[in-house]
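Enquirer: Questions regarding the structure given below will be posed in turn.
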Amino acid sequence: MKRTVLQLLHEAVSLHADKMYLSEKIGKKWVSTTFKETDEKSLFVATALNKIGFVKEDKIALLSEGRTNWVAGEFGILKNNCISVPLSIKLLPEEILFRLNHSESSAIMISKNNVEKLFSVWERLENKSFKLIFLDNDKKAILEISKKLGIKKDEQLFVFEELIEKGKKLLEKDKSKMSKIEDEISENDVVTISYTSGTTGNPKGIMLTHLNYWANSKDAYNSFSGYLFYKTLIILPLDHSFAHTVGIYIALLNYMTLYFVDAQGGNINIVKNIPANLKEIKPQLLLTVPALTGNFMKKIIDGVAKKGGFANWLFTKGINAGVKRNGNNYEKISPLTKAINYLPHKLADMIVFKKVREIFGGKLEFCIGGGALLDIKQQNFFLSLGIPVFQGYGLTEATPIISSNTPKSSKLGTSGKVLAGVSCKILKSDSTEAKIGEKGEIVIKGLNVMKGYFKNENATNEVIKGEWLYTGDMGFLEKDNFLMVVGREKALLISQDGEKYSPEEIEEAIINSSELISQSMLYNDHSKNTTAIITLDNQKIKTFIKNNEVKNKDELLDAIKKSFYKFEQEKEYQGSFPKKWIPANFRIVEEPFSEKNKMINSTMKMVRFKITETYKELITSMYKPKSKINCEENKKVLNIFFNN
């Protein structure tokens, strides 16, 4: 038996053909597609692609919000032995152009919500016979595309639903050709070229094979075995490697139904539709990233605080009691601690937490977190609330899962235990293997390690040495064999004496504790002191000024400073951070870090080099003699709150 993702699909069909696999909202109804229907539809697509002229290793990009045709389209691409190039809907036109040209894509499957991004870059596509496959059956939009791009329907412009009909008719005449193509697919054939988000430089195309996906899916499934036939709302974009593997492929093993967030009316509606979709679907699990869970946590806290009185008091008391009862969720808690905190936690659970869980549909059992380090405060909060977030660790080059906490084995503050099929070691700077508890670079090997970077042999050789993938992430294995990840090597702060430190935990502590600060990026490049660039939550600043009758910029700046350092008084963080890495100075910037200004990437991580480059002068100013927080640069930003 070949170890391919197509084999996973066929196995799912053979066992549960008529179980629901994919579901999207069309109009006001959820329209579902079974495993069998997905298998059939994708074969029709593959047959039509073959007839048009696509051959082995042709690259076809996908640019769409999550939807049934995204998944059927990718399986169709793979069944014709072509390669999928998944792209983020958050990319700018120039970024899309780079990826299409670099990947040598000959076509793109694209949704109505994203097609306009192609208009400005179409003429600069290197492949002049480039084809557009439109995922929506919208005649008006099809005519507009044809007119704006100067391409003819059925020559360079194709409609997805028509391809299905075309493929169906072709298959009725001859099934042998497509069967032969699939039989010739190798385990080492490339499934996707997935581009890095570019937090530390230009994006690279990661080649992941059938075997990579098969192995990682099987290993991750075995870690979470027993959780079958669950429903989930896919909030993360399908190009995100975490959502790609867990959402599309692992769902073939645990027969999970994927509901895609309603994107009708444009991509801007996706975030707005999440609350309503959660209540409609009532999922048992969610895939999240820290930016999402952090947003959920703040909104929950703010929402309960607005109710005030007994509800807010009980909520806070209950969360704190739950944190004490749970400990780190691994080591035993004393019976006395459990007993003392039982009643406040139980009362809060019955009166307040139950209502809060209704926000997520009322049936959510747990979340799986990936993408970045999950702050300990978030982990404590959600576990106490009754919706644990099981933190994992991975990177796209590893397809992407390396380790994960699970309902069966979890320890807060860690990234869980390494998957059974993955070997992991920690290497110190002198390349010797670290002992338990010693920090170093995380290095792994396994069938999940990528084939390499597309058209970039030098970059491939830098990270793959022998069978081992050098992740560029720093971490250590602790005494109970849980993996602790401390951050990206390229994102590390470096002090005057050459010592290195990951800033992510302090950054998360600042924004999770502060009521006034929205974003924070720490900086230290061989200096005595650490500094930070921060953005403010403008609405909360305005409310704070009104409620506290703040009269001038000096008073406000003093309040922001207190809010910035509030984390030092929080129980979760006391004694966690060495003094030298806590910022001695900060500068406020008016414009939030965003995807629009390229300071946040499509996976909601800060693009550090871009922020550093943009605010180079401000950063330099913080290292001048006598530079203070109470400075004119910071006061100038606060003018907007006092102009009227």
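The values are calculated or read from the model by the stated rules, or taken from the named source; none is laboratory data. None of these values were measured; they are calculated from a predicted model. No Cβ is skipped: glycine too gets one built from the backbone with ideal geometry, and neighbour counts run over all protein chains shown.
Enquirer: Can you confirm whether segment 359-381 contains a residue that is within 24 Å of the chain's Cα centre (by Cα), more than 30 Å from V422 (Cβ to Cβ) and assigned to a helix (DSSP H, G or I)?
Expert: yes
Enquirer: Collect the residues in segment 539-559 that are part of a helix (DSSP H, G or I) and in contact (Cβ under 8 Å) with a residue 60 or more places away in the chain, keeping them in residue-number order.
Expert: Going residue by residue through segment 539-559, those that are part of a helix (DSSP H, G or I) are 539-548, 553-559.
Of everything in segment 539-559, those that are part of a helix (DSSP H, G or I) and in contact (Cβ under 8 Å) with a residue 60 or more places away in the chain turn out to be I541, K542, I545, K553, D554, L556, L557, D558.
Enquirer: Return the total of residues in segment 396-411 being buried (at least 24 other Cβ atoms within 10 Å of the Cβ) and part of a loop (DSSP other than H, G, I, E, B).
Expert: 3
Enquirer: May I pose another question? Can you pull out the residues in segment 606-624 that are part of a loop (DSSP other than H, G, I, E, B) and modelled with pLDDT of 90 or more?
Expert: Of all residues in segment 606-624, those part of a loop (DSSP other than H, G, I, E, B) come to 607, 615, 622-624.
Selection gives Y615, M622, Y623, K624.
Condition check ((1) of a type in the set (A, V, I, L, M); (2) in contact with a helix residue (DSSP H, G or I) (Cβ under 9 Å, 6 or more places away or on another chain)) across all residues:
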position	(1), (2)
E478	no, no
L483	yes, no
I494	yes, no
S502	no, yes
I511	yes, yes
L522	yes, yes
K528	no, yes
Q569	no, yes
E572	no, yes
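Enquirer: Being part of a loop (DSSP other than H, G, I, E, B), in contact (Cβ under 8 Å) with a residue 40 or more places away in the chain, surrounded by 20 or more Cβ atoms within 10 Å (Cβ to Cβ) and more than 25 Å from the chain's Cα centre (by Cα) narrows it down to one residue among F44, F54; which is it?
Expert: On the way: F44 fails: part of a loop (DSSP other than H, G, I, E, B).
Of the residues listed, the single one that is part of a loop (DSSP other than H, G, I, E, B), in contact (Cβ under 8 Å) with a residue 40 or more places away in the chain, surrounded by 20 or more Cβ atoms within 10 Å (Cβ to Cβ) and more than 25 Å from the chain's Cα centre (by Cα) is F54.
Enquirer: In addition: Test L87 against the criterion of being touching a Leu at 6+ places or on another chain (Cβ under 6 Å) and at pLDDT 95 or above, and give yes or no. Quick ask: steps written out before the conclusion?
Expert: Details: touching a Leu at 6+ places or on another chain (Cβ under 6 Å): yes; at pLDDT 95 or above: yes.
Yes: the conditions hold for L87.
Enquirer: So, of the residues in segment 141-193 that are of a type in the set (K, R) and touching a helix residue (DSSP H, G or I) at 6+ places or on another chain (Cβ under 8 Å), which turns out to be surrounded by the fewest Cβ atoms within 10 Å (Cβ to Cβ)?
Expert: Here the residue is K152.
Enquirer: Okay, next question. Residue check, Y259 against (1) outside the structural domain of G27 (by TED's automatic domain parsing); (2) over 24 Å from Q379 (Cβ atoms), all met but one. Which one?
Expert: Tallying (1) outside the structural domain of G27 (by TED's automatic domain parsing); (2) over 24 Å from Q379 (Cβ atoms), Y259 fails exactly one: (1).
Enquirer: Where residues in segment 412-451 are among the aliphatic types (A, V, I, L, M) and not in a loop (DSSP other than H, G, I, E, B), which of them is surrounded by the fewest Cβ atoms within 10 Å (Cβ to Cβ)?
Expert: Step by step, filter segment 412-451, then rank; the result is L427.
Enquirer: Restricting segment 217-232 to residues that are within 25 Å of F260 (Cβ to Cβ) and of a type in the set (D, E, K, R), which is surrounded by the fewest Cβ atoms within 10 Å (Cβ to Cβ)?
Expert: Residue satisfying both the conditions and the ranking: K231.
Enquirer: Still on this structure, please answer the following. Limited to segment 442-468, what total is found for residues that are closer than 25 Å to F98 by Cβ and under 21 Å from the mean Cα position of the chain (by Cα)? Before you say what the answer is, go through the steps one by one.
Expert: At the first step, the residues of segment 442-468 found to be closer than 25 Å to F98 by Cβ are 450-464.
So of that shortlist, the ones also under 21 Å from the mean Cα position of the chain (by Cα) come out as 450, 453.
Residues in segment 442-468 being closer than 25 Å to F98 by Cβ and under 21 Å from the mean Cα position of the chain (by Cα): 2 in total.
Enquirer: Another question, if that's okay. Which of the residues spanning segment 578-598 are surrounded by 15 or more Cβ atoms within 10 Å (Cβ to Cβ) and modelled with pLDDT of 90 or more?
Expert: Scanning segment 578-598 gives W581, I582, P583, A584, N585, F586, R587, I588, V589, P592, F593.
Enquirer: Where in segment 91-166 are there strands (runs of 3 or more DSSP E), lying fully within it, with 1 or more residues that are touching a strand residue (DSSP E or B) at 6+ places or on another chain (Cβ under 9 Å) and modelled with pLDDT under 95?
Expert: Ranges flagged: none.
Enquirer: Separate question: So which of S527, S518 ends up being surrounded by fewer than 19 Cβ atoms within 10 Å (Cβ to Cβ), assigned by TED's automatic domain parsing to the domain that holds Y615 and touching an Asp or Glu at 6+ places or on another chain (Cβ under 9 Å)? Break it down stepwise before answering.
Expert: Numbers: S527 fails: touching an Asp or Glu at 6+ places or on another chain (Cβ under 9 Å).
Going through S527, S518 in turn, the sole match is S518.
Enquirer: Return the pair list, or none, for Cβ contacts closer than 7 Å from residues in segment 170-193 that are in a loop (DSSP other than H, G, I, E, B) to residues that are modelled with pLDDT under 95, at least 6 apart or on different chains.
Expert: Listed by first residue and then by second, the contacts come to E187/K2.
Enquirer: Going through I133, I77, I110 one at a time, which residue ends up being surrounded by 24 or more Cβ atoms within 10 Å (Cβ to Cβ) and under 26 Å from K596 (Cα atoms)?
Expert: Result of the check over I133, I77, I110: I110.
Enquirer: Continuing with the same structure: Exactly one condition in (1) surrounded by 24 or more Cβ atoms within 10 Å (Cβ to Cβ); (2) over 22 Å from G452 (Cα atoms) is not met by L92; state its number.
Expert: So L92 meets the others, but not (1).
Enquirer: A further question on this structure: For a quick check of your reading of the model, give me the residue pairs whose first member lies in segment 331-349 and is outside any helix (DSSP H, G or I), whose second is modelled with pLDDT of 95 or more, with beta-carbon atoms closer than 7 Å and at least 6 apart or on different chains.
Expert: Once the first residue is outside any helix (DSSP H, G or I) and sits in segment 331-349, its partners that are modelled with pLDDT of 95 or more give I333/R325; I333/G327.
Enquirer: Considering only segment 291-310, I want to know if a residue exists there that is out of contact with any strand residue (DSSP E or B) (no Cβ under 6 Å at 6 or more places or on another chain), outside any helix (DSSP H, G or I) and surrounded by fewer than 19 Cβ atoms within 10 Å (Cβ to Cβ).
Expert: Yes, that holds for at least one residue.
Enquirer: Return yes when I77 is at pLDDT 95 or above, in contact with a helix residue (DSSP H, G or I) (Cβ under 8 Å, 6 or more places away or on another chain), closer than 19 Å to E155 by Cα and assigned to a strand (DSSP E or B) and no when it is not.
Expert: Values: at pLDDT 95 or above: yes; in contact with a helix residue (DSSP H, G or I) (Cβ under 8 Å, 6 or more places away or on another chain): yes; closer than 19 Å to E155 by Cα: yes; assigned to a strand (DSSP E or B): no.
The answer is no for I77.
Enquirer: Here's something else I'd like to know. Working only within segment 119-130, note down all residues that are surrounded by 13 or more Cβ atoms within 10 Å (Cβ to Cβ) and either touching a residue at least 40 places away in the same chain (Cβ under 8 Å) or of a type outside the set (A, V, I, L, M, F, W, C) (or both).
Expert: Passing the criteria: S120, N127.
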